[in-house]
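The values are calculated or read from the model by the stated rules, or taken from the named source; none is laboratory data. Please read these numbers as outputs of a predicted model, since none were measured by experiment. Here Cβ is always computed from backbone atoms with ideal geometry, including for glycine, and neighbour counts include all displayed protein chains. Heads up: the accessible areas ignore ligands, DNA and RNA and are worked out on the full protein's heavy atoms, side chains in. Shrake-Rupley method; radii C 1.70, N 1.55, O 1.52, S 1.80 Å.
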Amino acid sequence: MQKFIITGGKSLRGELALQGSKNSSLPIMAAALLCCGECTLHCCPKLTDVYAASRILNCVGCRCTFSDNMAVIDSQVVDRTQISEELMREMRSSIIFMGAMLGRTGECAVSVPGGCELGPRPIDMHLAALKKMGVDITESGGSIVCKAVCGRAKGAKISLAFPSVGATENVILCAVTADGETVINNAAREPEICDLCGFLRSCGADIKGDGESRIVIKGKKQLHGCEYTIMPDRIAAATYLSMVAAAHGELILTNACVLETEPFLSVLEQTGCSIYTSENKIYLRSGPRLRAVRERIRTMPHPGFPTDAQAVLMAALAVADGTSIFEENIFDCRYRHTEALIKMGADIQVLGKVAVVKGVERLHGANVQATDLRGGAAMIIAALCADGTSEISRICHIDRGYEKIEEAVRLLGGDMRRV
Ligand code: EPZ
């Protein structure tokens with residue numbers, strides 16, 4: 001099993017071009033199967049989750065090929081409607097193929113998805129919304145069989161109890177070819193939703209209001225192929241910025257999505273780092289020691305502070321001057337990384353959804369196991385600013401969301417290798 005060996009204590013400096021967004025690529029790849037034609041995706045990151053999505057596309061009859069960061073998806077033929085449990089278990093995003101399959105064929109057989117263990121991750125809102133769109137759903141023993149009653153889903157008024165990203169995506173994917181108009185109230189406003197809608201509009205879909213809480217979709221009989229560039233990854237941006245901030249360094253991030261990263265930047269600024277932005281660049285210079293963040297850092301749906309940046313910022317604040325407080329409001333169990341950080345010398349107390357991080361002067365190397373994608377990235381950040389050497393195992397979690405992270409770290413002057 002592969003692992004990372006990291007020797008910490010070096011200042012990180014340099015320029016990095018941001019990878020394409022994982023959380024955009026996955027729904028866009030699912031959306032490609034709605035198109036009767038070929039889709040070419042640029043800036044598609046080389047991630048294990050992306051390859052898992054391509055296996056799902058191939059298993060329902062599409063042909064998905066990659067060359068470098070370009071994916072070509074030929075979905076002229078979709079002749080199977082069952083996705084195996086094995087493929088569904090590989091990642092949480094497999095569940096959004098349900099909406100896409102219903103939009104393309106009017107039926108599908110899937111099962112409960114896998115993905116990061118962040119506490120209970122039910123799909124009740126997904127299923128309730130699809131039922132309102134005239135889809136018959138039978139659940140038994142983990143399998144979920146869906147069939148549009150009239151062979152095609154119908155437009156409906158959907159009010160989500162919580163602005164769930166996945167539920168919003170599933171409704172959009174089912175609604176773009178449904179019979180009639182669908183309105184989603186309390187929709188998720190994440191930038192990845194806008195990117196998905198941008199892609200679907202390029203395929204001929206009629207969608208308005210993405211980025212707002214109310215989205216209106218007029219169903220079309222058919223969508224066509226297109227060429228599209230996936231947005232940069234704002235969580236990868238938050239990760240590299242936290243990494244360099246904790247390592248007293250300097251970073252120029254190019255191909256950055258500045259506006260979409262703003263909810264994170266406005267908190268990072270409070271640590272005393274100098275941050276300048278231009279059209280698609282973020283420049284950061286970190287001082288001799290970060291300051292703790294005075295305000296409580298509450299994770300919220302976009303445009304609030306992103307839950308996916310909680311762990312990476314926490315790792316940086318573990319060596320800040322003073323005490324910072326986090327409040328995790330999206331997932332019930334998203335502090336699993338704290339055990340490893342404490343093993344490296346951090347002073348963190350978790351009380352339910354609150355974590356109190358008392359900055360320490362120095363961390364030290366240790367052998368730790370990645371618990372999930374962002375938790376694993378937090379361990380890399382801690383190891384890079386620790387004295388001595390660390391070993392991080394179960395890095396398969398990290399490869400799900402970061403493209404060759406060890407090469408990026410080496411580019412910035414860090415000592416990290418994959419063995
Ligand atoms: C997406 O997950 C992202 N994943 C997550 O990023 C991200 O943390 C999350 O949105 C929130 O921003 C992808 O885009 C692939 P949700 P998703 O549905 O769609 C509850 C990463 O690190 N809920 O918005 O699963 C749910 O349990 C990953 O890249 C229900 O109760 O998130 C959670 O507590 C991790 N019932 C909350 O809502 C439902 O039917 C938010 O979930 C659906 C969700």
Order ILE275, ILE56, most accessible first, counting only protein heavy atoms with a 1.4 angstrom probe. ILE275, ILE56
Sort all Cα-Cα distances of segment 269-419 into consecutive 5 angstrom bins from zero, then give the percent of pairs in each bin up to the one containing the longest distance. 2, 9, 18, 22, 22, 17, 8, 2, 0
Using Cα positions and a limit of under 28 Å, work out the lysines in reach of LYS157, with same-chain residues fewer than 8 apart set aside. LYS131, LYS132, LYS147, LYS208, LYS218, LYS220, LYS221
Could you run the Karplus curve 6.51 cos²θ - 1.76 cosθ + 1.60 with θ = phi - 60° over segment 215-223 and give me ³J(HN,Hα) per residue in whole Hz, x for Gly and Pro? 10, 10, 10, 9, x, 10, 5, 8, 10
Report the antiparallel proportion of the DSSP beta bridges in segment 1-140 as a percent, rounded to a multiple of 5. 90 percent
Interchain or sequence-distant (5+) residues whose placed amide H lies within less than 5 Å of the amide H of LEU363 are ASP387
Could you compute the net charge surrounding SER93? Neighbours are other residues with a C-beta less than 13 Å from the C-beta of SER93; K and R count +1, D and E count -1. +2
Please get the size of the charge dipole for the chain, origin at its Cα centre, with Cβ charges of +1 on Lys and Arg and -1 on Asp and Glu, quoted in debye to the nearest 20. 280 debye
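If you take every residue apart from ARG336 with its C-beta less than 12 Å away from the C-beta of ARG336, what net charge results, scoring Lys and Arg +1 and Asp and Glu -1?
Net of charged neighbours comes to -2.
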Around GLY151, under 10 Å between beta carbons, what's the net of Lys plus Arg minus Asp minus Glu among the other residues? 0
Given contacts defined as C-alpha pairs under 8 Å and at least six residues apart, what's the relative contact order of segment 88-202, whole-number percent? 28 percent
Could you pull out every residue, at least 5 positions away or on a different chain, whose amide H is within less than 5 Å of the one on CYS116? Hs are placed 1.01 Å off N in the peptide plane, and Pro or chain starts have none. ARG92
Relative to the longest principal axis of the C-alpha atoms of the chain, give the angle of the C-alpha long axis of helix 191-202, reported between 0 and 90° and rounded to the nearest 10°. 40 degrees
Potential lengthening between LYS404 and ARG418 on full extension [0.36 nm per residue; Cα-Cα distance subtracted]: 4.1 nm
What percent does the relative contact order of segment 241-336 come to when contacts are Cα pairs within less than 8 Å and at least six residues apart? 30 percent
Tell me, what HN-Hα J-couplings in whole Hz come from the Karplus equation 6.51 cos²θ - 1.76 cosθ + 1.60 at θ = phi - 60° for each residue of segment 306-323, using x for Gly and Pro? x, 4, 5, 9, 4, 5, 5, 5, 4, 4, 5, 6, 5, 10, 7, 8, x, 10
Fluctuation leader among SER286, SER140, SER11 - the chain, Gaussian network, Cα springs under 10 angstrom: SER140
Once the convex hull of the C-alpha atoms of the chain is built, how many Å³ does it hold per residue, rounded to a whole number? 121 Å³
Share, in percent, of DSSP beta bridges within the chain that are antiparallel, nearest 5: 70 percent
Rounded to the nearest 0.05, what FRET efficiency do ASP206 and VAL350 have when you use their Cβ-Cβ distance and R0 = 56 Å? 0.75
Cross-link reach list, aspartates and glutamates versus LYS353, counting only Cα pairs under 18 Å and skipping chain neighbours closer than eight places: GLU117, GLU295, ASP308, GLU327, GLU328, ASP332, GLU339, ASP372
In whole percents, the bins of 10 Å from zero upward hold the Cα-Cα pairs of segment 119-238 as 13, 42, 34, 10, 0
Computed ³J(HN,Hα) along segment 235-243: with the Karplus parameters 6.51/-1.76/1.60, θ = phi - 60°, integer Hz and x for glycine or proline, the list is 7, 5, 4, 4, 5, 5, 5, 5, 4
Which angle from 0 to 90°, rounded to the nearest 10, does the C-alpha axis of helix 373-384 make with the longest principal axis of the chain? 20 degrees
Which lysines have a Cα lying under 28 Å from the Cα of LYS281, excluding residues fewer than 8 positions away in the same chain? LYS10, LYS22, LYS46, LYS404
Restricting to segment 131-233, what percent of DSSP beta bridges are antiparallel, rounded to 5? 70 percent
Rank these residues by their accessible area, most exposed first, probe 1.4 Å: CYS396, CYS333, CYS385. CYS396, CYS333, CYS385
Leaving out ligands, DNA and RNA, and with a 1.4 Å probe, what % of the accessible surface on the chain is carbon or sulfur? 49 percent
Taking H placed 1.01 Å from N in the peptide plane, check which residues at least 5 places from ALA17 or on another chain put their amide H under 5 Å from its amide H. THR254
